Structure formats: C-alpha cells, structure tokens
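J.: My questions all concern the structure below.
The values are calculated or read from the model by the stated rules, or taken from the named source; none is laboratory data. Everything quoted here is computed from the prediction, not taken from an experiment. Note that we place each Cβ from the backbone using ideal geometry, even for glycine, and neighbour counts take in every protein chain shown. Note: accessible area is taken over every heavy atom of the protein model, side chains too, but ligands, DNA and RNA are not part of it. Shrake-Rupley method; radii C 1.70, N 1.55, O 1.52, S 1.80 Å.
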Amino acid sequence: MEDVLSAREALLEALLDTDREAARLVMESACRSAGPSDALDYLVTPVLERIGNRWEAGELALAQVYMSGRICEELIERLLPSKGGNGAGSEPRVAIGVLEDHHALGKRMVLSVLRAGGIPVRDYGCGLRVEELVERSRADGTVVLLVSALMLRSALRIKDLVVALRAAGLPAKVVVGGAPFVLDRRLAEEVGADAVGYSASDAVAIVRRLLGGES
C-alpha cells in the first residue's frame, strides 16, 4: 500500500509540474508491476480525481487540470497500444461516445483498455446528441454502445437514448459509465442501461459478455 501511495504522489507532482517524462516513468513502472489496466485503476484514476477535487476547492487552476488530463491521455495511448484498430478492415460492432459532455478522459481510458484487449471499437467522439448516437448506431450496425457521462444531467439523458434506440428497432446494448453512476449505483438501472462499468478495466469483460464471448 505504501508503494501505491508513493506512486500516486509522484504522479500527482509530475502532472501538476507538467513534467511528461516524470509522469511517463511513474506510469511505466506501475504498468510493469501491476499490468496496464490495473495501473489505470489504482494510479491514474485516483490521481485525476484528486486533481479535480482540488480544482473544485479552488486550489488549482483550470489549466493544470486540463494539462494533467492531456498528459494522461497521451501516456495511456502509448502504454496501451491498440491490438484491434479502429475499424479499418475489422468491422467493429462496438462503439463508444460521450453524451452531451466534452470531457474525453474517461472515454479515452475505456477506449484504450478495449483496444489493448483486442476488441475493435469505433470512437464516436464527445458532445453527442441522442439523435446522433442513434443514427450512427444504425449506420454502423452497432451491437454494443458504451456511453460516458460526467454530469448528472447528461447521465439522465441516457434514458432518452435507450428509448430512442428501442423505438428505432436497433439492437445495440447500452453500457454506461462515469461519475454519476459511481456515486449512485441505482442510476444505471433507472436509465435503462444493459450494463454499467465502474472503472475502465470493467469494459473488456462487459463487452465480451454482451457479445456472447465472440471477441
């Protein structure tokens, strides 16, 4: 436990100093000792949560929060290389997007974990409306749609998405994740989601189960 706390403090300091090299060394060490997916859960996520909390308390500037997220995104891409690609020649039936919000880090982490696990995924991006997600799911024949939401308002809109998908006769299973679902464990059921992930590493098992073990 002491090693974990030390790693978190080291990563926190590196991110707030915008020191990419120091952050890379900490994350690479964590990946070697625990594996990339576990390292995201016990190291990156808690540190970014601390940074977000300190910003809300007025202790950090928004620029520090932004740069911390950007550095982590870059390092996640490097440490969790894709095995499955983004659809070129692989015809992924899994897609991910952020409903209404423009906060991409959670999506980026899940996307990287899925690709590292050999699951091809289409990235629909951020700030999406319900209608956009429905139309893209229709066009791509999406079977599993992962939806990330940071704000409660956006999380509640997922109920409209589920209703719209069913009304359109689309088969996509909806997997939800994000802070509102962690804070309220009943919320996923309330919005009609087929599954919920509480951490990035949950995604691979959930998607494989929903695909019937085909991936």
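J.: What do you get for the angle between helix 2-16 and the principal long axis of the chain? Use alpha-carbon atoms, 0 to 90 degrees, nearest ten.
T.: Around 90 degrees separate the two axes.
J.: Which percent of the accessible heavy-atom area of the chain goes to carbon and sulfur, probe 1.4 angstrom?
T.: Carbon plus sulfur share of accessible area: 52 percent.
J.: Skip the ligands, DNA and RNA, and give the accessible area per residue of segment 58-211 with a 1.4 Å probe, whole Å².
T.: Per residue, segment 58-211 has an accessible area of 46 Å².
J.: Compute the acute angle (0 to 90°) between the alpha-carbon long axis of helix 152-167 and the principal axis of greatest extent of the alpha-carbon atoms of the chain; round to the nearest 10°.
T.: 30
J.: Considering all projection directions equally, how large on average is the shadow of the alpha-carbon convex hull of the chain, in square nanometres?
T.: 11.9
J.: A further question follows. Quick one: Cα centre-to-centre distance for segment 153-208 and segment 95-138, in angstrom?
T.: 12
J.: Here's a follow-up. Under 1.5 on a/c is rounded, so check that first for segment 118-200, then, if it is not, pick prolate when a/b is larger than b/c and oblate when it is not; a ≥ b ≥ c are the square roots of the alpha carbon gyration tensor eigenvalues.
T.: Verdict is prolate for segment 118-200.
J.: Follow-up question, since we're still on this one. Classify segment 99-156 from the C-alpha gyration tensor, please: rounded if a/c falls under 1.5, else prolate or oblate depending on whether a/b exceeds b/c.
T.: Since a/c reaches 1.5 but b/c is at least a/b, the shape of segment 99-156 is classed as oblate.
J.: Go through 185-192, 19-26 and give me the packing order, highest mean Cβ count within 10 Å leading.
T.: For the peptides 185-192, 19-26, the packing ranking is 19-26, 185-192.
J.: Using the Cβ atoms and a cut-off under 13 Å, what net charge is assigned to the surroundings of residue 123, where Lys and Arg are +1 and Asp and Glu are -1?
T.: Around residue 123, the charge tally is +2.
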